[in-house]
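The values are calculated or read from the model by the stated rules, or taken from the named source; none is laboratory data. Keep in mind that what you see is a predicted model, and the values were worked out from it rather than measured. All Cβ positions, even for glycine, are placed from backbone atoms using ideal geometry, and neighbour counts span all protein chains on display. Surface accessibility is based on the protein's heavy atoms, side chains included, excluding ligands, DNA and RNA. Shrake-Rupley method; radii C 1.70, N 1.55, O 1.52, S 1.80 Å.
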Amino acid sequence: QLQLVESGGGLVQAGGSLRLSCAASGSFFSINTMGWYRQAPGKQRELVARIIRGGSTVSADSVKGRFAISRDNAKNTVYLQMNSLKPEDTAVYYCNVEVIGMSYWGKGTLVTVSS
């Protein structure tokens, strides 16, 4: 069983920065992909960025150049550094982790960007 604990959300003004963290704990063999998704009110959940164990990343066009995903394999933790935040980045951000054949989700952390 794997548990995810997210932290770092909050209220920030447009142009500001936040750093999200997601730590995985429990009994598992090895984490392959770690990522962040977000869901704004009235919209579908969408991929923000994901990173595989070797370090390759994929990110949404809307966040390229502003957000950076990274991971610490020793700590089973994934980070999302969010810079130049915009009001349209307001959403609940969910951590996602893929272990062989299984996908796990965090409970989500709210990011609110005021104009």
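Structure summary
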quantity: Under the Karplus curve 6.51 cos²θ - 1.76 cosθ + 1.60, θ = phi - 60°, whole-Hz ³J(HN,Hα) for the stretch 49-62, x wherever Gly or Pro sits; calculated: 6, 9, 9, 8, 4, x, x, 5, 10, 9, 9, 5, 4, 5
quantity: Positive-end residue, the stretch 1-104 charge dipole about Cα centroid, Cβ charges, pick of G9, Y104, S84; calculated: S84
quantity: Accessible surface ranking that places the most exposed of E46, E6 first, with a 1.4 angstrom probe; calculated: E46, E6
quantity: For the chain, accessible area per residue (1.4 Å probe, heavy atoms of protein chains only), Å²; calculated: 54 Å²
quantity: Alpha-carbon centroid distance for the pair the stretch 10-24 / the stretch 76-115, whole angstrom; calculated: 9 Å
quantity: The stretch 64-115 - Rg (one decimal) and Dmax (whole number), Cα, Å; calculated: 13.1, 41
quantity: Dimensionless Rg/Rh of the chain - Kirkwood Rh, Rg from C-alpha atoms; calculated: 0.96
quantity: Evaluated over the stretch 11-56, the Cα radius of gyration and Dmax, each in Å; calculated: 14.0, 40
quantity: Unit charges on C-beta of K, R, D, E only; dipole of the chain, Debye; calculated: 60 debye
quantity: Amide H within-cut-off set for T33, under 5 Å, with H built and near neighbours excluded; calculated: E98
quantity: Note, ³J(HN,Hα) from phi for the stretch 32-45, Karplus 6.51, -1.76, 1.60, rounded to Hz, x at Gly and Pro; calculated: 8, 9, 10, x, 10, 10, 9, 9, 8, x, x, 10, 7, 5
